[in-house]
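The values are calculated or read from the model by the stated rules, or taken from the named source; none is laboratory data. Because the structure is a prediction, the values reported are computed rather than measured. No Cβ is skipped: glycine too gets one built from the backbone with ideal geometry, and neighbour counts run over all protein chains shown. Accessible surface is based on the protein model in full, side chains and every heavy atom, while ligands, DNA and RNA are left aside. Shrake-Rupley method; radii C 1.70, N 1.55, O 1.52, S 1.80 Å.
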Amino acid sequence: MSNKTVLFDKHVEYKGKIVDFAGWQMPVNYGSQIDEHHQVRKDAGMFDVSHMVIVDLRSGDIKGLLQKLLANDVAKLTESGKALYSCMLNPNGGVIDDLIVYYMSDSWYRVVVNAGTAEKDLAWINEHAAAFDVSVKARDDLAMIAVQGPKAREKSFAVLPVDVVEAATPLKRFFGADCGDWFVGRTGYTGEDGFEIMVPSSEAPALWDELAGAGIKPCGLGARDTLRLEAGMNLYGSDMTEETSPLVSGLGWTIAWQPEDRDFIGRSVLEAEKAEGIKQKIVGLILEERGVLRGHQKVIVAQEDLPPGGAQLEGEITSGTFSPSLQKSIALARVPVEIGDSCVVEIRGKLLRAAVVKPVFVRDGQAV
Amino acid sequence: MSEVPSELKYTKSHEWLRIEDDGLITIGISDHAQALLGDLVFVELPEAGTEFVAGDECCVVESVKAASDVYMPISGEIVEINEALADEPEIINSSPYDNGWLFKMRASAEELDDLMDADAYQAEIDE
């Protein structure tokens with residue numbers, strides 16, 4: 001089974017190198033992944049993210065449903081258009097998916113979920129929606145293009161329809177606006193400013209050409225991954241899964257513990273985990289020697305950070321790559337909380353030194 | 001379309017080999033292989049003096065995307081490695097058959113007889 005987005009022919013036309021991603025035939029790059037990365041950090045690039053699934057929740061007690069399903073609390077959303085990032089947990093506190101939910105009105109919330117998890121997400125949402133009398137609709141009729149980079153807004157304004165520009169211009173970060181058939185969110189997955197533009201599928205190929213004509217270069221999933229990793233953004237399936245709780249996935253900040261009586265799915269397990277003491281955390285690693293950090297490599301806590309006489313403590317890299325912005329290899333790793341400010345990573349039997357840092361490397365074009 | 005120089009020998013795992021005037025054999029990865037890997041960012045080369053048997057993993061090339069093993073196409077001893085790749089692994093992307101060579105080895109030229117010529121390799125990557 002291999003799906004194609006409505007922009008597939010455009011990817012071929014723009015010389016994209018097509019690979020399979022979560023059952024979708026997507027461009028990994030259009031020539032050079034590194035050039036595309038810099039294009040987004042310094043100027044403006046665009047990504048086809050139509051494989052992600054847009055889900056509209058309408059009518060009934062949507063707020064009640066989402067307060068049950070999500071670890072973050074949609075009660076924080078009081079202003080129309082405001083978006084919230086959250087995990088959706090299983091009863092064991094594992095992450096079913098991470099998602100963005102836009103609050104448009106009490107009778108309309110829009111949720112955007114990952115491609116690889118969409119099927120199980122929809123099944124899970126549907127399973128709970130009936131009790132809240134909420135209608136759930138996957139918007140397969142919409143395509144989505146993310147325009148990202150310091151010049152993404154300015155360059156896209158030159159070619160977007162007038163009413164869309166009017167709706168998008170006043171948007172603050174992490175807000176979305178509805179404009180008829182179109183929808184624009186000032187959101188993204190790169191650590192740069194920009195928009196995610198949802199359009200009727202039939203209009204997407206023409207929009208792709210116009211955005212390209214405005215100097216917003218097509219970028220593939222390869223650059224999307226190095227950009228998000230530099231920005232310290234988690235990737236579902238690598239940095240968190242159904243087997244890991246948000247508390248050991250660098251996502252504790254997305255759990256809304258107040259009010260205490262909000263009984264979201266997974267809550268009791270997370271509370272027990274917290275009460276017992278959290279043993280692992282996500283950190284950033286910067287390799288200090290030559291090599292490339294990759295997922296599943298072993299991370300060893302430095303001897304001086306162990307309690308006296310303590311046995312060796314180990315963790316694991318969850319995502320690793322070469323950072324085009326820093327020109328060094330970087331990673332996210334799940335490690336014992338005892339870890340200090342440096343550690344050792346095992347790469348093909350060799351032990352290499354890495355600095356332990358906060359899990360964010362680049363934001364708005366600047367190294368942090 | 002990948003470049004496949006006619007004077008070289010090739011393997012199914014995308015290494016190329018060239019017999020130099022001094023009898024040494026230079027080995028690298030093909031244009032097709034570098035294109036599949038994408039932007040290269042790190043190369044782990046064997047040390048000069050190391051002896052290998054055909055089929056051994058002898059070297060690792062890493063792109064932003066992934067790490068990939070290079071397999072020794074023939075048996076012999078490494079005599080020289082391409083030191084320039086330590087600082088500029090991207091040379092392999094821009095010049096896979098010339099400046100982007102990996103290492104030179106001393107081996108029996110007869111071993112090359114079993115490897116693919118350009119036409120056979122072209123057919124292999126067209127599949």
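Taking A:Gly93, is it in contact with a helix residue (DSSP H, G or I) (Cβ under 7 Å, 6 or more places away or on another chain), in the same structural domain as A:Arg153 (by TED's automatic domain parsing) and modelled with pLDDT of 95 or more?
Here the answer is yes, as A:Gly93 does meet what is asked.
Across region A:179-191, what is the number of residues that are surrounded by fewer than 24 Cβ atoms within 10 Å (Cβ to Cβ), at negative phi and in a loop (DSSP other than H, G, I, E, B)?
4
If I ask for residues that are open to solvent by 30 Å² or more (accessible area, probe 1.4 Å), within 14 Å of chain A (Cβ to nearest Cβ) and not small (Gly, Ala, Ser), which ones from region B:1-36 would you list?
B:Met1, B:His32, B:Leu36
Would you point out the residue of region A:338-368, among those that are among the aliphatic types (A, V, I, L, M), in contact with an Asp or Glu (Cβ under 9 Å, 6 or more places away or on another chain) and not in a strand (DSSP E or B), that is surrounded by the most Cβ atoms within 10 Å (Cβ to Cβ)?
Checked region A:338-368; the qualifying residue surrounded by the most Cβ atoms within 10 Å (Cβ to Cβ) is A:Ile339.
Exactly one condition in (1) open to solvent by less than 50 Å² (accessible area, probe 1.4 Å); (2) assigned to a helix (DSSP H, G or I) is false for B:Cys58; which is it?
Unmet for B:Cys58, out of (1) open to solvent by less than 50 Å² (accessible area, probe 1.4 Å); (2) assigned to a helix (DSSP H, G or I): (2).
Can you confirm whether region A:116-123 contains a residue that is within 30 Å of A:Ser238 (Cβ to Cβ), open to solvent by 20 Å² or more (accessible area, probe 1.4 Å) and basic (Lys, Arg)?
Yes, some residue in region A:116-123 is within 30 Å of A:Ser238 (Cβ to Cβ), open to solvent by 20 Å² or more (accessible area, probe 1.4 Å) and basic (Lys, Arg).
Within 30 Å of A:Lys328 (Cβ to Cβ) and in contact with a Phe, Trp or Tyr (Cβ under 9 Å, 6 or more places away or on another chain): is that true of B:Ser94 in this structure?
no
Show me the helices (runs of 4 or more DSSP H) entirely contained within region A:105-178 in which 1 or more residues are over 19 Å from A:Ile54 (Cα atoms).
Result: A:152-157, A:162-168.
Can A:Glu210 be described as modelled with pLDDT of 95 or more and either out of contact with any Phe, Trp or Tyr (no Cβ under 8 Å at 6 or more places or on another chain) or aliphatic (A, V, I, L, M) (or both)?
yes
So A:Leu142 clears everything in (1) surrounded by 15 or more Cβ atoms within 10 Å (Cβ to Cβ); (2) under 24 Å from A:Thr78 (Cα atoms); (3) within 24 Å of the chain's Cα centre (by Cα) except one condition, right? Which one?
With (1) surrounded by 15 or more Cβ atoms within 10 Å (Cβ to Cβ); (2) under 24 Å from A:Thr78 (Cα atoms); (3) within 24 Å of the chain's Cα centre (by Cα) applied to A:Leu142, the lone miss is (2).
Could you count how many residues in region B:67-110 are touching an Asp or Glu at 6+ places or on another chain (Cβ under 8 Å), under 12 Å from B:Thr26 (Cα atoms) and among the acidic types (Asp, Glu)?
Total meeting the criteria: 1.
For region B:41-70, how many residues meet the condition of being more than 14 Å from every other protein chain (Cβ to nearest Cβ) and either under 23 Å from A:Gly295 (Cα atoms) or small (Gly, Ala, Ser) (or both)?
Matching residues across region B:41-70 total 4.
Within region B:92-106, count every residue that is within 14 Å of chain A (Cβ to nearest Cβ) and open to solvent by 10 Å² or more (accessible area, probe 1.4 Å).
Here the count works out to 2.
Working only within region A:1-16, note down all residues that are on the phi < 0 side of the Ramachandran plot, open to solvent by 20 Å² or more (accessible area, probe 1.4 Å) and at pLDDT 95 or above.
Result: A:Asn3, A:Lys4, A:Val6, A:Phe8, A:Asp9, A:Lys10, A:Val12, A:Glu13, A:Tyr14.
Go through region A:201-239 and give me each residue that's open to solvent by less than 20 Å² (accessible area, probe 1.4 Å), touching an Asp or Glu at 6+ places or on another chain (Cβ under 7 Å) and not in a helix (DSSP H, G or I).
A:Cys219, A:Gly220, A:Asn234
Being among the aliphatic types (A, V, I, L, M) and either farther than 24 Å from A:Asn3 by Cβ or in contact with a Pro (Cβ under 8 Å, 6 or more places away or on another chain) (or both) is the requirement here; does A:Leu122 meet it?
no
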